[in-house]
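Asker: Pasting a structure below so you can have a look.
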């Protein structure tokens, strides 16, 4: 009798482990399908770290109670190991202390969140002055900012360009005006420009892909449902979130394809593509860019690297990618900046020797 109960219990937990692995693999499979086609199902990719965490718990469980089956969760993880490292890279050391030279380029990407107060704008200026980056790509920057702070710009070596709320600052001369990448959108944008760099040209693509358009009240409603769960609160907040997130995901699928086609048309050139993609590393958007370019954080980052700082929404949705003529020596997320609900990413690239 005891042996039968033991076998049944093992079978039950084994079935639960296999179901978890299937869901983990389904998350990965969905990164090959545009959310345009499966907008609601595509949201399952957001649960990738949850399924991964459960699978890790099963590793410990089998080690403690039935070591012969520990291979099951390990195979489940190893089969999608590349995606695990996309989500949580384990690069232990970078070369950020290298002296800059003529082949080194420092870049910042930062969604500044339409700063509303003088204190927030002053913090942005201090941050840019401190980083002393060669190129700064900003999203959600008011179109009046450069005019309001012209005196500060004049004291720097930056050239400026702005397309809608996407802005570029560069210590290297621009070779073009902003180039708009057309795609279906409600209010978001992607712009590119050419920058001169040591006798060569770099195509910089600054993205702010479709936002989820959650109002502060809706975000608070979702947060409160987590903190003080109730059946009605959870039902209402879940229905609201599902509708808004799936609609935004559908837009981002089309936007990703448009930006991806733009990258393909310029694949022979040096490219840096960055910005607020509003997608995690296990998503159609991230993987489409990563299949064309290289992720800076994957190459030189450590840990999950959350860039969105709203409570209850700890995710990395800001990214920077580069073409294969560069290597990333440092990629850090500056969590000391509090003027936005995003954190800036600071990247150092080194030009490969031909």
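Asker: Residue 31 fails exactly one of the following numbered conditions: (1) free of Cβ contacts under 8 Å to residues at least 60 places away in the same chain; (2) surrounded by 13 or more Cβ atoms within 10 Å (Cβ to Cβ). What is the number of that condition?
Answerer: (1)
Asker: Here is a check on your reading of the model: is residue 290 out of contact with any helix residue (DSSP H, G or I) (no Cβ under 6 Å at 6 or more places or on another chain), closer than 30 Å to residue 24 by Cα, surrounded by fewer than 22 Cβ atoms within 10 Å (Cβ to Cβ) and at pLDDT 95 or above?
Answerer: Taking the combined requirement at face value, the residue satisfies it.
Asker: Now for a different question. Among the residues of the range 65-95, what is the count of those that are in a helix (DSSP H, G or I), crowded, with 16+ Cβ neighbours inside 10 Å and over 23 Å from the mean Cα position of the chain (by Cα)?
Answerer: We begin by selecting, within the range 65-95, every residue in a helix (DSSP H, G or I); these are 65, 67-69, 71-78, 81-87.
Among the residues that remain, those that are also crowded, with 16+ Cβ neighbours inside 10 Å are: 69, 72-73, 76-77, 83-84, 86-87.
Next cut, over 23 Å from the mean Cα position of the chain (by Cα) only: 69, 72-73, 76.
Counting residues in the range 65-95 that are in a helix (DSSP H, G or I), crowded, with 16+ Cβ neighbours inside 10 Å and over 23 Å from the mean Cα position of the chain (by Cα) gives 4.
Asker: Restricting to the range 173-205, name every residue that is within 26 Å of residue 246 (Cβ to Cβ) and out of contact with any helix residue (DSSP H, G or I) (no Cβ under 8 Å at 6 or more places or on another chain).
Answerer: Listed by number, the residues that qualify are 187, 189.
Asker: Also, quick follow-up: Please determine, by comparing only the residues of the range 128-159 that are part of a helix (DSSP H, G or I) and buried (at least 19 other Cβ atoms within 10 Å of the Cβ), which one is nearest to the chain's Cα centre (by Cα).
Answerer: Among them, the one singled out is 128.
Asker: Looking at 25, 62, which one is surrounded by fewer than 17 Cβ atoms within 10 Å (Cβ to Cβ) and modelled with pLDDT of 95 or more?
Answerer: 25
The values are calculated or read from the model by the stated rules, or taken from the named source; none is laboratory data. Keep in mind that what you see is a predicted model, and the values were worked out from it rather than measured. In this analysis, Cβ positions are derived from the backbone assuming ideal geometry, glycine residues included, and neighbour counts consider all displayed protein chains.
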